[in-house]
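These notes are about the structure you will find just below.
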Amino acid sequence: MNRLEGRAAFITGAASGIGRAQALLFAREGARVVVADLDADGAERVAAQIRTEGGDAVSTGIDITDEESVATAIAFAVDAYGTIDTLSNTAGMFDKMVPLADADRSFFERVLTVNLTGMFNVTKAVLPHMLAAGKGAIVNIASGAGLRGGGGGIGYTSSKHAVVGFTKQLAADYGRKGVRVNAIAPGLIDTPMVSHFSKAPETVAGLKAQPAGRLGQPEDIANAALFLASDEADFIHAVTLSVDGGQVDTL
Ligand SMILES: NC(=O)c1ccc[n+]([C@@H]2O[C@H](COP(=O)([O-])OP(=O)(O)OC[C@H]3O[C@@H](n4cnc5c(N)ncnc54)[C@H](O)[C@@H]3O)[C@@H](O)[C@H]2O)c1
């Protein structure tokens with residue numbers, strides 16, 4: 001079954017990790033994928049892999065914190081595929097668990113700018129196309145750190161809680177106009193963002209104590225994003241779906 005047949009999907013952070021896994025999976029499910037990332041070469045490598053597999057993909061550089069860059073990337077996507085049916089706001093940065101006493105204001109603001117304002121910029125540029133079509137699905141990648149304290153530092157945890165609120169407000173404002181908005185709260189996922197501690201013995205021991213008993217893989221998140229982006233999730237609005245091996249609810 002091709003659950004996204006013919007849909008145009010715009011995915012940020014798609015050169016790596018969770019974004020890359022979504023790009024590959026969405027393409028296998030029939031989507032035409034715009035692979036967007038600050039790392040333009042990495043984005044093109046992912047798009048090229050999709051095309052090698054027989055899928056349809058183009059790539060673009062994007063800095064989600066820069067409105068001009070966002071406008072250029074969205075114009076490129078609409079030019080390529082005529083519209084944007086699904087948006088996956090995946091690009092983000094980690095703050096390496098820095099607590100308030102060690103975080104200066106510029107670092108704090110940088111984390112908020114990438115993880116929250118970047119999502120605002122991209123969504124604001126995509127939304128008019130979805131409203132014009134009267135339909136669309138948006139999936140925002142939050143974090144378990146968006147649901148509890150202790151999953152990040154002061155900047156990351158604040159920004160990811162904000163992503164949960166951003167998601168609910170968007171859903172409240174645009175659901176009746178055909179745009180479904182949801183979020184995913186991943187647990188610890190095996191990507192370059194967390195490679196510095198995901199394999200550490202204490203982390204592995206902690207993961208073993210959780211219901212799933214293992215480190216998450218980018219494909220675990222991509223599968224959930226595919227579901228939320230597809231028509232199978234038509235009655236699902238405004239949720240933040242934990243995909244974390246049971247971590248956040250069994251701490
Ligand atoms: N890996 C985890 O354990 C985990 C857990 C919870 C949430 N998340 C979230 O998942 C999302 C994806 O993270 P990942 O683990 O795949 O990390 P990753 O480092 O593999 O990928 C992040 C991508 O975002 C891109 N990016 C960063 N800043 C950007 C910007 N300003 N403009 C455009 N692209 C930018 C990077 O170039 C990179 O390709 C992030 O929002 C992250 O906070 C990850």
Practice item. Go ahead and estimate [θ] at 222 nm for the chain from helices alone: -39,500 (n - 2.57) per DSSP H run with n ≥ 4, summed, over the residue count, rounded to 500. Key: -13500 deg cm²/dmol
Study note, to complete from the structure: Here the gain from full extension of Thr250 to Glu67, 0.36 nm per residue of separation minus their alpha-carbon distance, amounts to 61.9 nm
Practice item. Would you pull out the residues with amide H under 5 Å of Leu87's amide H, same chain only if 5 or more places away, H placed 1.01 Å from N? Key: Phe10, Ala137, Ile138, Val139
Practice item. Read phi for every residue in segment 236-251 and hand back ³J(HN,Hα) as whole Hz from Karplus 6.51 cos²θ - 1.76 cosθ + 1.60, θ = phi - 60°, with x for Gly and Pro. Key: 9, 10, 6, 7, 10, 8, 6, 10, 8, x, x, 4, 5, 9, 10, 4
Check your understanding: In segment 131-173, which residues have a backbone nitrogen under 17 Å from the label point lying 7 Å from Ala101's Cα in the Cα-to-Cβ direction?
Key -> 150, 153-155
Practice item. Calculate, in nm to one decimal, what Ala212 and Glu53 gain on full extension: separation in residues at 0.36 nm each, minus their alpha carbon distance. Key: 54.1 nm
Review point. Please state the relative contact order of segment 25-151 as a whole percent: Cα pairs under 8 Å, 6+ residues apart?
Key: 23
Practice item. Work through the residues other than Gly152 whose Cβ is under 15 Å from its Cβ and net out their charges, Lys, Arg +1 and Asp, Glu -1. Key: +1
Review point. Considering only the other residues whose Cβ falls under 10 Å of the Cβ of Gly30, what net charge follows from Lys and Arg at +1 and Asp and Glu at -1?
Key: +1
Point to revise | Sequence of Ser59, Ser195, Ser88 once ranked by neighbouring C-beta atoms within 10 Å, starting from the fewest | key: Ser195, Ser59, Ser88
Practice item. Quote the FRET efficiency, to the nearest 0.05, computed for Glu109 versus Ala40 with a Förster distance R0 of 30 Å and r equal to the Cβ-Cβ distance. Key: 0.75
Exercise for review: Give me the net charge of Asp39's neighbourhood, meaning all other residues with Cβ under 15 Å from the Cβ of Asp39; Lys, Arg count +1, Asp, Glu -1.
Suggested key: -3
Practice item. Based on other C-beta atoms within 10 Å, arrange Arg28, Arg105, Arg45, Arg20 from fewest to most. Key: Arg105, Arg45, Arg28, Arg20
**Study point:** Rg [Å, one decimal], Dmax [Å, integer] - segment 11-106, C-alpha atoms
**Key:** 14.8, 51
Revision key, fill the gap. Relative contact order in percent for the chain (Cα pairs under 8 Å, 6+ apart) equals 19
**Study point:** Packing-based exposure ordering (other Cβ within 10 Å, fewest first) of Thr167, Thr65
**Key:** Thr65, Thr167
Practice item. Kindly point out which whole DSSP H helices in the chain project their C-alpha atoms 27 angstrom or further along the helix axis while averaging a Kyte-Doolittle hydropathy of 1.6 or above. Key: none
Revision key, fill the gap. Per residue, the convex hull enclosing the alpha carbons of the chain has a volume in Å³ of 121
Study note, to complete from the structure: Treating only Lys and Arg (+1) and Asp and Glu (-1) as charged, each at its beta carbon, one finds that segment 1-159 has a dipole about its Cα centre, in Debye to the nearest 20, of 540
Exercise for review: Taking amide H positions as placed in the peptide plane 1.01 Å from N, state which residues far from Asp56 in sequence (5 or more) or on other chains have amide H under 5 Å from it.
Suggested key: Val33
Check your understanding: From the cross-link list Lys135/Lys160; Lys124/Lys177; Lys124/Lys160; Lys168/Lys199; Lys135/Lys168, which pairs have alpha carbons spaced over 22 Å apart?
Key -> Lys135/Lys160; Lys168/Lys199
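We did not get these values from a lab; they are worked out from the coordinates using the rules stated. Since this is a predicted model, take the numbers as computed values, not measurements. Methodologically, a virtual Cβ is constructed for each residue, glycine included, from the backbone with ideal geometry; neighbour enumeration extends over all protein chains shown.
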